[in-house]
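Below: one structure, written as structure tokens.
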Amino acid sequence: MSIAERVRLRERKLLSKLHFHLEVATLDYLRNDGRWQTLERESYDHGNGAAILLYNLRQRCVVLTRQFRYPAFVNGHDGLLVEAPAGLLDAASPEDCIRAEAEQEAGIRVRAPRQVMEAFMSPGSVTERLHLFVAEYEAGDRIGDGGGVHAEGEDIEVFEVDFDEVLAMLARGDIKDGKTIMLLQYAALHLFAPAA
């Protein structure tokens, strides 16, 4: 039996539509024991997104960003978040989105992005499906300074960091962004051999 056969949607109510959609749904759910249970669930829909880890095997480094994130700040994080370039798909394909974000945020033209996984980062409340990519870059792929789109309030610091230092940053807890942690762990397992 599919999940769609186990859900009977009774009502959806829009609570907020400032920038994204927050709604509450009342539904009946068929439990594993065969009984129906009525549930209320809120969901926050801001669209699907994509993120990319830009890496250079020859130089043994990656490109990351630092930026202010209000939700992290109000939850006690008093610093800029270290992240891989990322953005919302809007009407674009995941690959087109990530090419644009790499150029806007990191100033790097992506030649051959490769999707390595998809993930729901907070499936208990957020609808977003995140498409995670990796792409190798060289010095000649740099087309600008990056920094994001000023009109969107982006003020992004771009930095290139040695992969062994990235692993040390992970071990110290300096990187707290889930998508970035996943991409860096993927890189440690599949892209970079341990340093000799």
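What to note about this one:
- ARG69 meets all of the listed conditions (1) in contact with a helix residue (DSSP H, G or I) (Cβ under 9 Å, 6 or more places away or on another chain); (2) in the same structural domain as GLU128 (by TED's automatic domain parsing) but one, namely (1).
- Qualifying residue in region 35-52 (condition: of a type in the set (A, V, I, L, M) and under 16 Å from GLU11 (Cα atoms)): yes
- When ASP96 is tested against the conditions (1) within 25 Å of HIS21 (Cβ to Cβ); (2) crowded, with 19+ Cβ neighbours inside 10 Å, the lone failure is (2).
- Test for ALA106: is it under 16 Å from the mean Cα position of the chain (by Cα) and surrounded by 16 or more Cβ atoms within 10 Å (Cβ to Cβ): yes
- Among the residues of region 118-154, just one is exposed (fewer than 14 other Cβ atoms within 10 Å of the Cβ) and touching a Phe, Trp or Tyr at 6+ places or on another chain (Cβ under 7 Å), namely SER125.
- Unique residue being free of Cβ contacts under 8 Å to residues at least 40 places away in the same chain and closer than 15 Å to VAL62 by Cβ when the list is ARG142, ARG111, ARG99: ARG142
- Answer residue from region 99-129, given it is among the acidic types (Asp, Glu) and either touching a strand residue (DSSP E or B) at 6+ places or on another chain (Cβ under 7 Å) or not assigned by TED's automatic domain parsing to the domain that holds MET182 (or both) and is nearest to GLU23 (Cα to Cα) among those: GLU128
- In this structure, ASP90 does satisfy being assigned by TED's automatic domain parsing to the domain that holds GLN185 and under 15 Å from the mean Cα position of the chain (by Cα).
- Residue list for region 158-180, filter: in contact (Cβ under 8 Å) with a residue 60 or more places away in the chain and either loosely packed, with under 14 Cβ neighbours inside 10 Å or in contact with a Pro (Cβ under 7 Å, 6 or more places away or on another chain) (or both): PHE159, ASP162, ASP164, ASP174
- Only one of VAL74, VAL63, VAL116, VAL126 that is under 14 Å from ALA50 (Cα atoms) and among the β-branched types (Val, Ile, Thr): VAL116
The values are calculated or read from the model by the stated rules, or taken from the named source; none is laboratory data. Remember, it's a predicted structure, so these values are computed and weren't measured experimentally. Positions of Cβ are generated from backbone atoms using ideal geometry, with glycine treated the same way; all protein chains shown enter the neighbour counts.
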